[in-house]
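A quick write-up on the structure given underneath.
Just so you know, all these numbers are worked out from the coordinates, no wet-lab data involved. All values reported here derive from a predicted model rather than from experimental measurement. Cβ: placed from backbone, ideal geometry, glycine included. Neighbour counts: every protein chain shown.
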Amino acid sequence: MAKILILEDDRLSQKLVARVFSKAEHETLAAVSTQQAWDKLHEHVIVDMIILDNQLDQEWGWQFLRTLRSNPAYQGVPVVIYTAHTERDSIVRYLELGVQSVNMKPYQSDVLLAELEKALRSNWAAQVMEAPETICERMDLTQQDYCSLLATANRSIAEKQQVALARLTSPNNGQLFASLDGIGQQCRSVGIVIVDGVIDKIKKAVNEQDLHTALDGFRSLDSFLGMIRHRMLTVMNMDTAVARAPLTMPQAEAGSDTLDEESAAAFGDGNFRDIISKPLWQYGKYLKRAIRQPLMTPEELLEGAKRLAARAPFSTIAESLATLQSLPTMAPEDAVAIAWDTRGFVPTYQFILEKVTGVDHRLDSKGALAKVAAQQGIARLTTLAAVTRIANDIPREGPLNLRQLYTHTFTATLVGFEIGRILKLQNDFMLSAAGLAHDVGRWFFGIGEPGCYGIALAVADEEKLSVEETEAAIFGVDHHQAGRQMLECMGQSKLMQEVAFRHHNPSKVTEKEFLTTTTVTHLAHVLAQAAIAGPIAESKRLVEQLRSPGYMAWGLLKSRGATLPFETPELVDTLCEIASTSSWVAHQLVGGGPVAAPARRQPALAAC
């Protein structure tokens, strides 16, 4: 499957060209201006061909082409020109800049497909960066070694580039040139064959005090960095798990139930920031009495679990868990049918694909959905469909604002699945199920007993206790124990129960066959916490904890035979990107996307 960038300002023509390629099962990226085209190249780095309209709105195609060819990374990319005019000077200019062909409008499908076939034969990207198999053979590397090499080079080049840029105007060029030489060495090590010319260009410009040309050279290095990153994700089969464009989290609208940081209750557990509509500790000593003895008996708790297990969203969770765990025996067409029939899934999935991949997918039939599923993977499609079904059934009203809890659960579900893929585990579908199951205890408390749970959270904040301590004080058990009990009432397996009970500390898992799934769910849980917390100290603390090679989870995975694709810090960086994308997707499913209705303002939490 090829990827084609279409730079055409007439949107009807753009759609017609895109349809020609999509019918042939190729991807298209659309741009109506040169700036949009550069944005697409920055996101995707490598395309197989560019369709370029000669006359754009207030721009000329040759202006874009001239800038494109000035970047050594894109000197060989095939460009096909389409024009409605036949001026000799214009055609000569294109030929001098280097194009595959110049064609007269209108667009014709057979010509477009023939041009693509010719472009694919050129294999232009190999002129910039050696193929993975070539590098591995030349350097006697395994695929895992190559991944590690790419990750190390990516980090090193980015660091050295920052040093070099900071010293660009320094009168002493020694350290600047040393950084450039280091960049060149790292680029050559991963197979970028044209880096020497770029480094020499920057050095010459620095010596001649030509800042503009030097900066052009650094822009070429940016393209090389993008290619290394693209290659790293491709080799790991993770290029569809990380958004290639910035994703904006949905902002709270006026009148929504999201409170600002000053007025919201801030809890020790990052998942529960901003979820209480009214601070409960204003009731003072009456709340403190609540921790002296549980407000619920074990019998009442069990009865509540049995009652809720038969109702949505818990019954929907049970159905989704059954669907995910049956994937190995499910026919692909059945999985596509389940996704197609899930209320609201298709428009939401189309919206997510467009934003994450940058490609406009037309999911107007089961056949179109099946094609995308073949590219993205049936397990991923089924995971998203399962999450969508549950999101359809989550309560939209209640005394607690649980949207952040729902977002956390769905984020961990998606991240757990992707960790399974990145570690090449055979049971990635079970990791999706584990992600859905791990937070069931919190859902039980928050949905089934919101008043008592509000007290537990408020006391935790006021008394500076852990949430688990106050949960046990109010309910007699914490949410881990409650989750295990709830899953048992839902008829779920011992594995799902163990995940809910032990995911916070997988080192206490006693059944070895449960260890890998529980440990991956633990990692997904922490990564989801960090992604949702955003750029705050708590998020940084969690990420730094994971980046340590001695972190408990990495040792547990290795003890079960899991192989990390590269060093822990680089692996965590990639997982953080995956978590960020997954968090955005979860926000769309919970309330930010085109399907879920906006949540209504929650009433103030009444005193219990």
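Find the centroid of the Cα atoms in segment 530-589 and in segment 29-59, then give the distance between the two in whole Å.
The two parts, judged by their Cα centres, are 34 Å apart.
Relative to the compact-globule scaling 2.2 N^0.38 Å, provide the ratio for the alpha-carbon radius of gyration of segment 3-125.
Numbers: Rg = 13.0 Å, N = 123, 2.2 N^0.38 = 13.7 Å.
Here the answer is 0.95, to two decimals.
Using the Cα centre of the chain as origin and beta-carbon charges of +1 (Lys, Arg) and -1 (Asp, Glu), tell me which of Val45, Ala309, Gln58 is placed farthest towards the positive end of the dipole.
Ala309
Where both partners of a DSSP beta bridge lie in segment 1-156, what percent of those bridges are antiparallel, to the nearest 5?
Values: 2 of 19 bridges.
Of all bridge pairs located within segment 1-156, approximately 10 percent are antiparallel.
Kirkwood Rh over alpha-carbon pairs of segment 132-235, then Stokes-Einstein at 4 °C and 1.567 mPa s: what D in µm² s⁻¹, rounded to an integer? The partial results should precede the final answer.
Details: Rh = 14.1 Å.
The calculation lands on 92 µm²/s.
Rounding to the nearest 20 debye, state how big the charge dipole of segment 132-235 is about its Cα centre with +1 on each Lys and Arg Cβ and -1 on each Asp and Glu Cβ. List each step's numbers first, then the result.
On the way: 11 positive and 12 negative charges, 46 e Å.
So the magnitude is around 220 debye.
Roughly how big is the chain's charge dipole about its Cα centre, with Cβ charges of +1 (Lys, Arg) and -1 (Asp, Glu), in debye to the nearest 20?
Numbers: 59 positive and 71 negative charges, 101 e Å.
My answer is approximately 480 debye.
Among residues other than Glu59 whose Cβ falls under 10 Å from its Cβ, what is the net charge (Lys/Arg +1, Asp/Glu -1)?
Details: positive: none; negative: Asp9, Asp53, Asp57.
Combined, the nearby Lys, Arg, Asp and Glu give -3.
If the only charges are +1 at each Lys and Arg Cβ and -1 at each Asp and Glu Cβ, what is the size of the charge dipole of segment 3-125 around the Cα centre, to the nearest 20 debye? Mind dumping the intermediate values first?
Details: 13 positive and 17 negative charges, 39 e Å.
Charge dipole of segment 3-125: 180 debye, to the nearest 20.
Work the Kirkwood hydrodynamic radius out for the chain: mean of 1/r over every pair of different alpha-carbon atoms, inverted, in Å.
Values: mean 1/r = 0.0375 Å⁻¹.
Final number for the Kirkwood radius of the chain is 26.6 Å.
Please enumerate, by chain and number, the lysines with C-alpha under 16 Å from the C-alpha of Lys40, excluding those fewer than 8 residues away in the same chain.
Lys3, Lys355
Using +1 at the Cβ of each Lys and Arg and -1 at the Cβ of each Asp and Glu in segment 270-592, identify which of Leu327, Asn505, Gly358 lies farthest towards the dipole's positive end.
With unit charges placed on the Cβ atoms, the residue in question is Asn505.
How fast does segment 270-592 diffuse by Stokes-Einstein, in µm²/s, taking the Kirkwood radius from C-alpha pairs at 25 °C and 0.890 mPa s? Working shown, then result.
On the way: Rh = 20.2 Å.
Roughly 122 µm²/s, to the nearest whole number.
Note down the net charge around Glu300, summing +1 for each Lys or Arg and -1 for each Asp or Glu among other residues with Cβ under 14 Å from its Cβ. Each step should come with its number before you reach the end.
Numbers: positive: Lys306, Arg307; negative: Glu299, Glu303, Glu449.
Its environment carries a net charge of -1.
Pull up the DSSP beta bridges for the chain and report the antiparallel fraction as a percent, rounded to 5. Intermediate values should be presented prior to the final figure.
On the way: 4 of 21 bridges.
Looking only at bridges with both residues in the chain, the antiparallel portion is about 20 percent.
Taking a cut-off of 14 Å between Cα atoms, list the aspartates and glutamates near Lys15, but don't count ones fewer than 8 places away on the same chain.
Glu27, Asp53, Asp360
Ala114 versus Glu469, label points 7 Å from Cα toward the beta carbon: distance in nm?
It works out to 7.8 nm between the two label points.
Please report how far the C-alpha centroid of segment 200-252 lies from that of segment 107-145, rounded to the nearest whole angstrom.
After rounding, the separation between the Cα centres reads 20 Å.
Distance between Cα centroids, segment 457-529 to segment 163-188: provide it in whole Å.
If you average the Cα positions of each part, the centres end up 50 Å apart.
Suppose the chain between Leu95 and Ser156 were pulled fully straight at 0.36 nm per residue; how much longer would it get relative to their current alpha carbon spacing?
Contour length minus Cα-Cα distance gives 18.1 nm.
Of Val440, Gly451, Ala337, whose Cα points farthest to the positive end of the dipole of segment 270-592 (charges on the beta-carbon: +1 Lys, Arg; -1 Asp, Glu; origin at the Cα centre)?
Checked the options; the winner is Gly451.
Among 99-109, 489-499, how do they line up by average Cβ neighbours within 10 Å per residue, starting with the highest? Don't skip to the answer; put the middle values down first.
Numbers: 99-109: 15.4, 489-499: 21.0.
Top to bottom by mean Cβ count within 10 Å: 489-499, 99-109.
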